[in-house]
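A.B. asks: Just dropping this structure here.
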Number of protein chains: 2
Amino acid sequence: MRVLGVDPGLTRLGLGVVDGRPGRATLIAVGVARTPSDMALGLRLVSLETEIEAWLDLHRPDAVAVERVFAQANVRTVMGTAQAGAVAIVCAARRGLPVVLHTPSEVKAAVTGSGRADKAQVGAMVARLLRLDGPPKPADAADALALAICHLWRAPAQARLAAALA
Amino acid sequence: MRVLGVDPGLTRLGLGVVDGRPGRATLIAVGVARTPSDMALGLRLVSLETEIEAWLDLHRPDAVAVERVFAQANVRTVMGTAQAGAVAIVCAARRGLPVVLHTPSEVKAAVTGSGRADKAQVGAMVARLLRLDGPPKPADAADALALAICHLWRAPAQARLAAALA
């Protein structure tokens, strides 16, 4: 199973692709899409859409995991985060790909064992799980990989739950 | 000048098209795009995108006005509103159309003279300005028209400001 993780943001949007199964993940690609803060909002969103489409075309993931944004979080940036996330969600759904939202604490718990792990711990565990020499930089890239790993780890349980409810 | 106003929302997204100039507006079309709350978020956003694209194809506006969402507002629905708004913004920007965000109080002030007008006052003034028999229903439709009218009223001042700053 291949998963694209998206850590949404207008200024920096983290993208990470991993292949694998629960307990075993391999890095395929990682990067960050950026847009200048003085660009019109619409053009920023279109620029992010173009980048996400290119990643979907190139890496052909089976699912897309996007960080769930909470309105309570940093009020100044949360709307841009929600808007950038919506673009990623719509790009995936348009192709019929399953889109799953994971909360930051779900992601932290999945990769570190603790829902309250800090950025450094998440980066270090992502590096260890993917057998990298060091944490991916910037943090948005590491967070996108952590989202994708979280989805790999959790997907079988979510599929069983969906089947049980069907 | 023709303006498409969009009152964003996941469950109900208001759409209103007006033609005119400051002080004189004519109704072209008004409606609401709806998505069921039990549909997956990605499919809801794609459904709204399809509807907005159809309106852009049919009515060919010169500009799109979208309500600016604040994170402080109703926390339960604000993320969905931001996501639906992002879809409208990206649809417009993809076509190279100018997208302008107006706050609710700017819209109320533009159509009623008071930034603190209630829904009923906005609906009544939209009906009067567009020479309709009564306020458009539901409120999302009236709000979309109010946004479009607000943009018509404000566009010349904004263009002068942009020119002065250029």
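A.B. asks: Of everything in the range B:76-102, what is within 16 Å of B:H59 (Cβ to Cβ) and open to solvent by less than 30 Å² (accessible area, probe 1.4 Å)? Give them in sequence order.
C.D. replies: B:A88, B:C91, B:A92 - these are the residues of the range B:76-102 that are within 16 Å of B:H59 (Cβ to Cβ) and open to solvent by less than 30 Å² (accessible area, probe 1.4 Å).
A.B. asks: Within the range B:42-51, how many residues turn out to be touching a strand residue (DSSP E or B) at 6+ places or on another chain (Cβ under 7 Å) and open to solvent by 70 Å² or more (accessible area, probe 1.4 Å)?
C.D. replies: 1
A.B. asks: I want to confirm something. Restricting to the range A:22-41 and keeping residues that are exposed (fewer than 12 other Cβ atoms within 10 Å of the Cβ) and away from chain B (no Cβ under 14 Å), which single residue is modelled with the highest pLDDT?
C.D. replies: Applying the filter and picking the extreme gives A:P36.
A.B. asks: Output yes when any residue across the range B:122-133 is in contact with a strand residue (DSSP E or B) (Cβ under 9 Å, 6 or more places away or on another chain), in contact (Cβ under 8 Å) with a residue 40 or more places away in the chain and closer than 20 Å to B:V69 by Cα, and no when none is.
C.D. replies: No, every residue in the range B:122-133 fails to be in contact with a strand residue (DSSP E or B) (Cβ under 9 Å, 6 or more places away or on another chain), in contact (Cβ under 8 Å) with a residue 40 or more places away in the chain and closer than 20 Å to B:V69 by Cα.
A.B. asks: Which numbered condition trips up A:A54, out of (1) surrounded by 15 or more Cβ atoms within 10 Å (Cβ to Cβ); (2) under 17 Å from A:V32 (Cβ atoms)?
C.D. replies: If we test A:A54 against (1) surrounded by 15 or more Cβ atoms within 10 Å (Cβ to Cβ); (2) under 17 Å from A:V32 (Cβ atoms), just (1) comes out false.
A.B. asks: Right, here's the next one. It is to be established whether one or more residues within the range A:98-108 are acidic (D, E) and more than 25 Å from A:T35 (Cα to Cα).
C.D. replies: yes
A.B. asks: Next up: What is the one condition in (1) within 21 Å of A:M1 (Cβ to Cβ); (2) more than 13 Å from the chain's Cα centre (by Cα); (3) not aromatic (F, W, Y) that A:A92 does not satisfy?
C.D. replies: Just one mismatch for A:A92, condition (2).
A.B. asks: Could you tell me which numbered condition B:L161 fails, if it satisfies all but one of (1) over 18 Å from A:L43 (Cβ atoms); (2) open to solvent by 10 Å² or more (accessible area, probe 1.4 Å); (3) in a loop (DSSP other than H, G, I, E, B)?
C.D. replies: In the conditions (1) over 18 Å from A:L43 (Cβ atoms); (2) open to solvent by 10 Å² or more (accessible area, probe 1.4 Å); (3) in a loop (DSSP other than H, G, I, E, B), B:L161 misses (3) alone.
A.B. asks: Among the residues of the range A:118-134, count how many are more than 14 Å from A:T26 (Cα to Cα) and of a type outside the set (G, A, S).
C.D. replies: 4
A.B. asks: What tally of residues in the range B:130-144 results from selecting those that are open to solvent by 20 Å² or more (accessible area, probe 1.4 Å), at pLDDT 95 or above and in a helix (DSSP H, G or I)?
C.D. replies: 1
A.B. asks: A further question follows. List, please: which pairs have Cβ atoms under 6 Å, are six or more places apart or on different chains, and start with a residue in the range A:90-103 that is more than 15 Å from A:L48 (Cβ to Cβ) and at the interface with chain B (Cβ under 9 Å from one of its Cβ atoms) and end with one that is of a type outside the set (V, I, T) and open to solvent by 60 Å² or more (accessible area, probe 1.4 Å)?
C.D. replies: A:A93/B:L43; A:L101/A:R68
A.B. asks: Can you name every residue in the range A:109-122 that is closer than 20 Å to A:G23 by Cβ and touching a helix residue (DSSP H, G or I) at 6+ places or on another chain (Cβ under 6 Å)?
C.D. replies: Within the range A:109-122, A:A110, A:V111, A:T112, A:G115, A:A117, A:Q121, A:V122 qualify.
A.B. asks: Here are some conditions: (1) within 20 Å of B:L13 (Cβ to Cβ); (2) open to solvent by less than 10 Å² (accessible area, probe 1.4 Å); (3) not β-branched (V, I, T). B:A117 meets all but one. Which one does it not meet?
C.D. replies: The one condition B:A117 does not meet is (1).
A.B. asks: Of all the residues that make up the range B:98-129, how many are within 14 Å of the chain's Cα centre (by Cα) and in a loop (DSSP other than H, G, I, E, B)?
C.D. replies: Number satisfying all stated conditions: 2.
A.B. asks: Same structure, new question: Answer with yes or no whether A:A65 is within 18 Å of A:T103 (Cα to Cα), within 12 Å of the chain's Cα centre (by Cα) and within 14 Å of chain B (Cβ to nearest Cβ).
C.D. replies: yes
A.B. asks: Between A:A54, A:A82, A:A86, which is in a helix (DSSP H, G or I), at the interface with another protein chain (Cβ under 9 Å from one of its Cβ atoms), more than 12 Å from the chain's Cα centre (by Cα) and modelled with pLDDT of 95 or more?
C.D. replies: None of the other options fit; the residue is A:A86.
A.B. asks: Also, I was wondering about something else. If you scan the range B:1-21, which residues turn out to be open to solvent by 30 Å² or more (accessible area, probe 1.4 Å) and in a strand (DSSP E or B)?
C.D. replies: Within the range B:1-21, B:R2, B:R12, B:D19, B:R21 qualify.
The values are calculated or read from the model by the stated rules, or taken from the named source; none is laboratory data. None of the values given here were measured: they were computed from a predicted structure. Because the Cβ atoms are built from the backbone with ideal geometry, glycine has one as well, and the counts that use them run over all protein chains shown. The accessibility values were calculated without ligands, DNA or RNA, using every heavy atom of the protein model including side chains. Shrake-Rupley method; radii C 1.70, N 1.55, O 1.52, S 1.80 Å.
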